[in-house]
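What follows is a short report on a single structure.
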Amino acid sequence: MLSKKTKYGLKALIYIAKQDGFGPVLISDISEKERIPKKFLEAILLDLKKFGVLGSKKGKGGGYYLMKDPKTVTVATLIRVLDGPIAMLPCVSLNFYEPCDDCPDEQACSLNHFMAQVRDNTLNLLQQRSLHDLAFA
């Protein structure tokens with residue numbers, strides 16, 4: 001399940017992508033149009049700025065804008081930036097691997113094998129979709 005942070009982050013990015021070419025987008029506009037709490041949105045947009053997906057401009061005519069072409073930013077990347085691992089278990093995560101404390105042998109664990117398949121299928125779909133796809137589908 002997506003966290004509210006990721007859901008709101010994706011909604012904000014879709015909104016910004018749709019405004020691309022019209023200048024920076026105000027947080028208050030995104031918050032109002034997408035019904036995202038403003039303080040929470042500010043923190044989310046700062047995380048996306050740190051990662052380099054967004055840039056910001058202060059002052060009159062300021063706001064947030066895309067730093068990357070939305071066609072090159074995958075949904076998988078955005079979920080990882082906002083939420084961390086895509087895998088449902090840490091023992092099958094590609095980027096955030098951790099062994100399970102209660103599992104004596106990952107190689108023999110049928111749950112591990114099944115969750116690796118779930119991860120692969122989910123990741124395949126998320127890597128095929130870009131921010132552009134979400135904004136203009």
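First compute the accessible area of the chain with a 1.4 Å probe, then give the percent of it belonging to carbon and sulfur atoms.
Values: 4580 of 8500 Å².
Roughly 54 percent, rounded to a whole number.
Among the listed values [x] 62; [y] 66; [z] 58, the one matching percent of Cα pairs over 17 Å apart as calculated from this structure is [x]. Only lysines eight or more places from Lys68 in sequence, or on another chain, were considered; those with a Cα closer than 16 Å are Lys18, Lys49, Lys50, Lys57.
Positive end of the dipole of the stretch 26-130 (Cβ unit charges, origin at the Cα centre): among Asn121, Gly62, Phe96, the Cα lying farthest that way belongs to Gly62.
Using a 1.4 Å probe, what is the accessible area per residue for the chain, in Å²?
Numbers: 8500 Å² over 137 residues.
For the chain, the per-residue accessible area is 62 Å².
Ranked by the mean number of other Cβ atoms within 10 Å per residue, highest first, peptides 125-134, 32-41 order as 125-134, 32-41. Run the dipole for the stretch 92-135 about the Cα centre, Lys and Arg Cβ at +1, Asp and Glu Cβ at -1, nothing else charged, and hand back the magnitude in debye, nearest 20. The calculation lands at about 320 debye.
According to the calculation over all Cα-Cα pairs in the stretch 83-137, the P(r) per 10 Å bin from zero is 23, 44, 22, 9, 2 %.
Provide the FRET efficiency to the nearest 0.05 for the Ser56-Cys100 pair, computing r from the beta carbons and using R0 = 41 Å. Once the sixth-power term is evaluated, E becomes 0.55.
The values are calculated or read from the model by the stated rules, or taken from the named source; none is laboratory data. Small disclaimer: the values here were computed from a predicted structure and weren't measured. Using ideal geometry, Cβ is built from the backbone for each residue, glycine included, and neighbour counts are taken over all protein chains shown. Areas reflect the complete protein model, heavy atoms only, side chains present, ligands, DNA and RNA absent. Shrake-Rupley method; radii C 1.70, N 1.55, O 1.52, S 1.80 Å.
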